[in-house]
Amino acid sequence: MKDGVKFLEEGALEGLLRRLSERARVWVPVEATPGVVLWRPWREGEKVRLDRQGTEPPKHVLFPRSETLLRIYEKEELKIEEVMPQGPSVIFGARPCDVRGFEVFDQVFGEEDPYYSVRRRETTILTVLCTEPERTCFCTTVGGGPLEEKGSDVTLLWIEGGWLAQAVTERGEEVLRDEAFVEASREQIEKGEQRKEAVKLDPVVDLSGIPEKFLESFTSDFWRRVTAKCISCGACTFLCPTCYCFNITDERTPEGAERLRSWDACMFYHYTLEASGHNPRPTKAERYRNRIGHKFSYHPSNYGTYGCTGCGRCIKYCPVGMDVREILRELKEYAEG
Amino acid sequence: MIDRLREAVREKLQELDLVIGYGEGYDPLHATPVFIQKPEEVDRLIWNPLCVHNLATYLYELRGKRVGVVVKGCDSRSVLQLLNEGLIKREEIYIFGIPCDGVIDLRKVAQKVDIYRVKEVSWQKDAFTAKTDRGEVSLGLEEVLQDKCRGCPYPTPVIHDFLAKDPVKPKGEGEGLLEQVSELEELSPQERLAYWRKELERCIRCYACRNACPLCVCQDFCAAEARDPHWIPLRDRVKEKWMWQMLHVLHLAGRCTGCGECERACPMGIPLLRIRAKVNKELKELFDYEAGVKEGVRPPLLTYQVSEPKIEERQW
């Protein structure tokens, strides 16, 4: 571990969040209802759940479920007003897999998307490293890791009584200047090292050749077979840290109208319904195939990394237990057999 | 019991295109629907209190095929309701019924043990033990059953071609769900409004509730997602989420059998079954009607009588 390792005592967390909230909107994971951990702007007295992966990733902080792009007023004269994101944000308690999701967004939205890039530039990310991966976790299969610090500004590692904190970026160093962070002792640093060494998460499937194998399977009945139990809802896509598809609609307001950008999902029929009435992905088999193809073939071909961070939420929250790991294994067998 | 079921499925499979049953899921706490087409796949079938899914959900999509389906008592009501509404054909389906002692609510289990770290599960008579790296937790089945199972009036399938074991006697009159409803009925309208605002605010409109619902047959053509006309704005506000959920409930009034798949499927933990249980209770009081319990009955909102015995006409 490098020099300058700090320690954040559990009891100092609230004060830190309060001070951060004075300068930015601070998003923290809270248990909104038993068993469901969601991101909420921090409020005084809010109990922050940093001990488990959130039900949802913090993707909506950078890519809201629905955002107003522009407003149209038509009362007296026609006026169009651009609406841009306002103010800095802090994501406190992301997981490495959540943060990798933003890397995928960067590749796609980049600087060209003004709404995304403004938010991205003004967001500070403090990440809790994972010392106890869950059974649905497979980040190491897709090139990530439970202790990955890339993409974060600060990493936090739980040891007894608090977290070891380390800055990854200059912005992170700034955060660590807060009084809540004190110098970590030699014992604490050693304990951190031991915890890190104990983390084990083996890859569950060898993905080499998958982008090509997927293309070979494209027109086969493989997809009909493996999607038999899929009910084609959007739980997997909406809870995915890398799914970024959206729809643009004009909606009425009392003053006129507004143009919205809202999440959409390739699992939905309307997503590819064309104006002619033709739908190139008429059933769940084509739609699910697209989801896998996008993450494990098209995205790697276009950007060189998988469009999946291995967070496992699509497995955990699927109402019928679809398991992407199993499908990748079967795809490999199918293509090889 | 599972041997009897497997044997029956193996035998019937020759006449059927496929049989939908339950198999092992991705971890010891999850079962998953399996689609059996070949005799050698029959041994994948399992039965235990983790077999929560209502497999009748797949029947409408598979119409035109000869489908065998494994159902619990509650699931069988969905099959009967689909038949009563003429949405599936009796001759196209074969019903493997399982008299059921109740299934598990994993959300309740999650309050006692970290369900995504469970490595092993072993079953005892009225309990089970879940093993994690940190130790073992034993849970009585009674404390983690789904609410719909408490006082279940129809534990034995109401319609079936085969029963895997002896019928199970009714456990009550649906007390589990009725208690949920009366809890809410005791609240003032303002409190109830606040309750539902708080719950529905979490909705992400992923439509898992709709797609898991065996009676939601519109699916791809659902009004909620229609883009032309665009009925519900895509704004991320409670108002729109509320609108969607009420649309769902009202389109199911008199059709919902209370299987609770909507609530189980919801990744946001919204107590969706409560709304349906309330509507179902009203329907029972008003029309003396329950969906999916009697053959050949028409849902009251799909028909019309000049005078309803329990609705007082206004005196004009």
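For A:R259, are the conditions met, namely being at pLDDT 95 or above, surrounded by 13 or more Cβ atoms within 10 Å (Cβ to Cβ) and among the basic types (K, R)?
Criteria met by A:R259.
Testing A:N247 on (1) closer than 28 Å to A:R325 by Cα; (2) within 14 Å of chain B (Cβ to nearest Cβ); (3) open to solvent by 10 Å² or more (accessible area, probe 1.4 Å), one condition comes back false. Which one is that?
Unmet for A:N247, out of (1) closer than 28 Å to A:R325 by Cα; (2) within 14 Å of chain B (Cβ to nearest Cβ); (3) open to solvent by 10 Å² or more (accessible area, probe 1.4 Å): (1).
Does B:E7 satisfy the condition of being of a type in the set (D, E, K, R), out of contact with any Leu (no Cβ under 8 Å at 6 or more places or on another chain) and under 30 Å from B:V118 (Cα atoms)?
No: the conditions fail for B:E7.
Sort out which residues of segment B:8-30 are within 21 Å of B:P214 (Cα to Cα) and surrounded by fewer than 18 Cβ atoms within 10 Å (Cβ to Cβ), and write them in order of number.
Matches in segment B:8-30: B:D17 only.
Among the numbered criteria (1) of a type in the set (A, V, I, L, M, F, W, C); (2) open to solvent by 40 Å² or more (accessible area, probe 1.4 Å); (3) within 12 Å of chain A (Cβ to nearest Cβ); (4) within 21 Å of B:N84 (Cα to Cα), which one does B:V297 miss?
B:V297 satisfies all of (1) of a type in the set (A, V, I, L, M, F, W, C); (2) open to solvent by 40 Å² or more (accessible area, probe 1.4 Å); (3) within 12 Å of chain A (Cβ to nearest Cβ); (4) within 21 Å of B:N84 (Cα to Cα) except (3).
Counting residues that are closer than 26 Å to B:N280 by Cβ and at pLDDT 95 or above, which strands (runs of 3 or more DSSP E) fully inside segment B:63-164 reach at least 3?
Those strands (runs of 3 or more DSSP E) span B:67-71, B:93-97.
Among the residues of segment A:228-239, is there at least one that is facing another protein chain (nearest Cβ under 9 Å), assigned to a loop (DSSP other than H, G, I, E, B), in contact (Cβ under 8 Å) with a residue 12 or more places away in the chain and more than 24 Å from the chain's Cα centre (by Cα)?
Yes, that holds for at least one residue.
Going through segment A:240-261 one residue at a time, which ones are β-branched (V, I, T), outside any loop (DSSP other than H, G, I, E, B) and under 21 Å from B:C206 (Cα atoms)?
Within segment A:240-261, A:I248, A:T249 meet the criteria.
Determine whether B:V168 is at negative phi, within 14 Å of chain A (Cβ to nearest Cβ) and open to solvent by less than 50 Å² (accessible area, probe 1.4 Å).
So B:V168 does not fit the description; no.
If I filter segment A:304-318 for residues that are open to solvent by less than 60 Å² (accessible area, probe 1.4 Å), assigned to a helix (DSSP H, G or I), touching a Leu at 6+ places or on another chain (Cβ under 8 Å) and within 12 Å of chain B (Cβ to nearest Cβ), do I get at least one hit?
Checked segment A:304-318: at least one residue is open to solvent by less than 60 Å² (accessible area, probe 1.4 Å), assigned to a helix (DSSP H, G or I), touching a Leu at 6+ places or on another chain (Cβ under 8 Å) and within 12 Å of chain B (Cβ to nearest Cβ).
Could you list, in sequence order, the residues of segment B:180-221 that are modelled with pLDDT under 95 and within 9 Å of another protein chain (Cβ to nearest Cβ)?
Residues satisfying the conditions are B:Q219, B:D220, B:F221.
Among the residues of segment B:276-290, is there at least one that is open to solvent by less than 10 Å² (accessible area, probe 1.4 Å), without any contact (Cβ under 8 Å) to a residue 60 or more places away in the chain and part of a loop (DSSP other than H, G, I, E, B)?
no
In segment B:123-134, which residues are open to solvent by less than 50 Å² (accessible area, probe 1.4 Å) and more than 14 Å from chain A (Cβ to nearest Cβ)?
Within segment B:123-134, B:A127, B:F128, B:T129 qualify.
Pull up segment B:2-29, narrow it to residues that are in contact with a strand residue (DSSP E or B) (Cβ under 8 Å, 6 or more places away or on another chain) and part of a loop (DSSP other than H, G, I, E, B), then point me to the one that is farthest from the other protein chains (Cβ to nearest Cβ).
Only one residue tops the list, namely B:L16.
The values are calculated or read from the model by the stated rules, or taken from the named source; none is laboratory data. What you see is a predicted model, and the numbers here were worked out from it, not measured in a lab. Heads up, the Cβs are rebuilt from the backbone with ideal geometry, glycines too, and the neighbour counts pull from every protein chain shown. Note: areas computed on protein heavy atoms with side chains; ligands, DNA, RNA excluded. Shrake-Rupley method; radii C 1.70, N 1.55, O 1.52, S 1.80 Å.
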